[in-house]
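The values are calculated or read from the model by the stated rules, or taken from the named source; none is laboratory data. None of these values were measured; they are calculated from a predicted model. Heads up, the Cβs are rebuilt from the backbone with ideal geometry, glycines too, and the neighbour counts pull from every protein chain shown.
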Amino acid sequence: MFKTIRSIRKQKGYTQEFVANQSGIARSFYTHIESGSKKPSVSVAKKIARTLSVPWTIFFEDECSLKEHKKEQSSEVNYFDTDTKTPLKDVTE
């Protein structure tokens, strides 16, 4: 998974410094996360994921079952009214 994060970062042409700055964390901490020596909190995972445009749950795939991971991904989908383009109330409940 952490190799995936590194690969995504490199594909986008981002440096570790850029991802860390955009995510509001120290580069040294990001380096530890990317190498797998430290796990990010959910809050930090969401910030990094937003910077890399990936689902934040990829940081925790080894801790979640596939079913839980897919459920979380589907709950992140935003639904909009096709006419007004306004967000709809959560329809996944």
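Restricting the first member to the range 1-22 and to residues that are within 22 Å of PHE60 (Cβ to Cβ), and the second to residues that are of a type in the set (Lys, Arg) and modelled with pLDDT under 95, the beta-carbon pairs closer than 6 Å and six or more apart or on different chains are VAL19/ARG9.
Sub-7 Å Cβ pairs linking a first residue in the range 37-61 that is under 17 Å from ARG27 (Cβ atoms) to a second residue that is assigned to a helix (DSSP H, G or I) and of a type in the set (D, E, K, R), at least 6 apart or interchain, are LEU52/ARG9, ordered by first then second residue.
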